[in-house]
Amino acid sequence: MRLLGLDVPRESRLLVFIGLVDAIGTGLYLAGFAVFFTRSVGMSATAVGAGLTIANACGLVAMTPIGMLADRIGPRPATILLHYWRAVGFAAYAFVGDFTTFLLVSCFVGIPNRAIDPVSQMYVDRHIGAELRVRVMSVMRVVYNIGFAVGGLLATVILVVGTR
């Protein structure tokens, strides 16, 4: 099957599609979150940067335990868990009104954000197989880059409209 002009192995079509949806959402988030929190919530750029720095540090610290969990329950259930975890966290961003809440939600989201890529690679390694691993990961990288661009464009449209 060809997706976006790429030859996608049958075994990985759903994974590639989920990666595209994830990348569009991530691109939207990355392009618009700082503007949202500085304009709509009223936080300073320094506070937003500090919160995200702390959140990424939490994600780095949690990578080993998350990896151990993925080894124990398997990469597929761990990937599903991480995607749902992220969805809850991203929805919680809508209710942030101060730095403390922002920091808590950012740390909550930062853990699965950091862990999702290695766990997804573990999934590809175990379920797609060695013969297709490189092709699937290269298709995933292309799809992620396309998704980031689409998400960034969507964020631009939202910023131009100018509503909360």
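Using only the alpha-carbon atoms, how far is helix 75-92 inclined from the longest principal axis of the chain? Give it as 0 to 90 degrees, nearest 10. Tilt of helix 75-92: around 20 degrees. Could you check how much of the accessible area of segment 23-86 is carbon and sulfur, as a whole percent, using a 1.4 Å probe? Reported share for carbon and sulfur atoms: 69 percent. Extents of segment 103-152, largest first, come to 42, 26, 10 Å (Cα atoms, principal axes, whole angstrom). Here the average projected area of the convex hull drawn through the C-alpha atoms of segment 21-130 stands at 7.0 nm². Using C-alpha pairs below 8 Å separated by at least 6 residues, the relative contact order for the chain is 44 percent.
Rolling a 1.4 Å probe over the heavy atoms of the protein chains gives segment 7-164 an accessible area of 55 Å² per residue.
The values are calculated or read from the model by the stated rules, or taken from the named source; none is laboratory data. As the structure is a prediction and not an experimental result, all values here were calculated from the model. Accessible surface is based on the protein model in full, side chains and every heavy atom, while ligands, DNA and RNA are left aside. Shrake-Rupley method; radii C 1.70, N 1.55, O 1.52, S 1.80 Å.
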